[in-house]
1. Over region 43-103, with the other protein chains present, what is the accessible area per residue in square angstrom, probe 1.4 angstrom?
2. Taking 0.36 nm per intervening residue step and subtracting the Cα-Cα distance, what contour gain separates LEU60 from THR120 on full extension?
3. Only sites in a loop by DSSP and with at most 13 other Cβ atoms within 10 Å count here; which trypsin sites (Lys or Arg not before Pro) in region 1-70 make the cut?
4. Please arrange ILE51, ILE4 by accessible surface area, largest first, computed with a 1.4 Å probe and ligands excluded.
5. Taking N as the number of residues in region 71-138, what is its alpha-carbon radius of gyration divided by 2.2 N^0.38 Å?
6. Figure the gain on full extension for ASP69 and LEU86 (residue separation times 0.36 nm, minus the Cα-Cα span) and round it to one decimal in nm.
7. Once R0 is set to 22 Å, what does the formula 1/(1 + (r/R0)^6) return for the Cβ-Cβ distance between GLU34 and LYS129, expressed as a FRET efficiency to the nearest 0.05?
8. Just by accessible area at a 1.4 angstrom probe, what is the order of MET79, MET39, MET1 from largest to smallest?
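The values are calculated or read from the model by the stated rules, or taken from the named source; none is laboratory data. Note that the coordinates shown come from a computational prediction; the quantities given were computed from them, not determined experimentally. Here the Cβ positions follow ideal geometry from the backbone for every residue, glycine too, while neighbour counts run over all protein chains shown. Heavy atoms of the whole protein, side chains included, go into the accessibility calculation; ligands, DNA and RNA do not. Shrake-Rupley method; radii C 1.70, N 1.55, O 1.52, S 1.80 Å.
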Amino acid sequence: MNVIVDTCVWSLAFRRKKQVNDEVIYQLQELIKESRVQMLGPIRQEILSGIPAIEQFNKLREYLAAFADHCLSNKDYEMAAELYNLCRKKGIQGSNTDFLICSIAMNYKMAIFTTDKDFTFFAKLFPIKLFNMKSSLN
C-alpha cells in the first residue's frame, strides 16, 4: 500500500539537530526504499515554505524532486470540503491540507504517515488508514 507522508514527518527528517524520533525517520527511509511514498503538491508547498536561505531551499527542492506529485482531481477537493464540513459539525478542527490528505487517502486507498494527533480524531469519523510503524514491520 502506498503511503502519503505528512509534512510533520518530513520536518522531523530534515531537522539538522539530533533526531527526536529515530523510529519515525527509520520508517520514512524504509518507505522511500520501497518506493511507497506519495507526495502531494500542498505537502511539498508546506515543506518548502518558510525556508529563509535560498541555498537550503534549493537543496530541499532538489531532494523533493525525486517524489512526483500525486495528481489531484476535483473530486479530491470536493471530498476534502465534505470532510471539513463533517468535522466542523462535530467540533473537530483541521487544516485544509489535512482534509485533502484524508480525501486522497480514501479515494486512492492509501495510508497516512503522520505524527499529527488530529488524524486520530478524523479516523473516528471517516475511514482513513493511519500508517502504523509497528504493524508495517510484520
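1. Numbers: 4060 Å² over 61 residues.
Heavy-atom SASA per residue in region 43-103 reads 67 Å².
2. Numbers: separation 60, 0.36 × 60 = 21.60 nm, distance 2.91 nm.
The LEU60-THR120 span can extend by a further 18.7 nm.
3. On the way: sites: ARG15, ARG16, LYS17, LYS18, LYS33, ARG36, ARG44, LYS59, ARG61; in loops: ARG15, ARG16, LYS17, LYS18, ARG36.
Hits after loop and neighbour filter: ARG15, ARG16, LYS17, LYS18.
4. Working: ILE51 35, ILE4 0 Å².
The ranking, largest first, comes out as ILE51, ILE4.
5. Numbers: Rg = 11.9 Å, N = 68, 2.2 N^0.38 = 10.9 Å.
Expressed relative to 2.2 N^0.38 Å, the Cα Rg reads 1.09.
6. On the way: separation 17, 0.36 × 17 = 6.12 nm, distance 2.68 nm.
Length difference between fully extended and current span is 3.4 nm.
7. Values: r = 17 Å, r/R0 = 0.75.
For GLU34 and LYS129, the calculated efficiency is 0.85.
8. Details: MET79 50, MET39 0, MET1 110 Å².
Putting MET79, MET39, MET1 in descending order of accessible area: MET1, MET79, MET39.
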